[in-house]
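Report on the following structure.
The values are calculated or read from the model by the stated rules, or taken from the named source; none is laboratory data. For clarity, every value in this text was computed on a predicted model and none was experimentally measured. Note: ideal-geometry Cβ built from the backbone for every residue, glycine included; neighbour counts use all protein chains shown. We work out accessible area using only protein heavy atoms, side chains counted, and drop any ligands, DNA or RNA first. Shrake-Rupley method; radii C 1.70, N 1.55, O 1.52, S 1.80 Å.
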Amino acid sequence: IGNGRIGGMVFGGVAKETIQLNEDSLWYGGPIRGDNPDAQTYMPEIRRLLQQGRQAEAEHLARMGLMSSPKYFHPYQPLGEMLLWMQKHEGPVEEYERELCLEEAVARVRYVRDHTMYEREYFSSAADQVLAVRLTADTPGAITVGVNLMRRPF
């Protein structure tokens, strides 16, 4: 799940769920200036090639002369993992379902344990810049959860 800036991969089981988190400002090596100081010198030639209908040559020169320097991004580093520990959820459950609904942009886990229907929903909002988790149960007071955030090995 994600919104273009914050992302999460949801996996796990009934008693323990893991959300691997990513956020687009965490890069290996820190910030860099990618401006190519020589880019302007190629513009007149690119324009000339385009005016002559030589599209492929103009594209090649633009790729070589206008792109940032260096021509690659540093790899992302993970933000960390958020772990959900559902208390007293070890053992068998019924009607277990895990889904990713692309139309709603929601990841869900549903199951029945001791006659109670549990649901976990994971979604992300671009407008609010959040990644959210919603835990529900059809029996009042049935949810007890521990949450930790860890950034190993960082």
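Observations on the structure shown:
- Residue in the range 72-93 that is outside any loop (DSSP other than H, G, I, E, B) and in contact with a helix residue (DSSP H, G or I) (Cβ under 8 Å, 6 or more places away or on another chain) present: no
- Scanning the range 79-100 for residues that are more than 23 Å from the chain's Cα centre (by Cα), open to solvent by less than 50 Å² (accessible area, probe 1.4 Å) and not aliphatic (A, V, I, L, M) yields a single hit, 89.
- Top-ranked residue of the range 43-69 - restricted to ones that are assigned to a loop (DSSP other than H, G, I, E, B) and open to solvent by 50 Å² or more (accessible area, probe 1.4 Å), ranked as modelled with the lowest pLDDT: 69
- Candidate set from the range 95-115 (those that are of a type in the set (Val, Ile, Thr) and closer than 16 Å to residue 10 by Cα); member that is modelled with the highest pLDDT: 109
- Hits in the range 13-42 - residues which are part of a helix (DSSP H, G or I) and either open to solvent by less than 70 Å² (accessible area, probe 1.4 Å) or in contact with a Gly (Cβ under 6 Å, 6 or more places away or on another chain) (or both): 39, 42
- Subset tally (residues that are surrounded by 14 or more Cβ atoms within 10 Å (Cβ to Cβ) and not in a strand (DSSP E or B)) for the range 112-154: 2
- All positions within the range 127-138 that are in contact (Cβ under 8 Å) with a residue 12 or more places away in the chain and either acidic (Asp, Glu) or closer than 17 Å to residue 79 by Cβ (or both): 129, 130, 131, 133, 138
- For the range 1-46, the tally of residues that are under 22 Å from residue 85 (Cα atoms) and charged (D, E, K, R) stands at 2.
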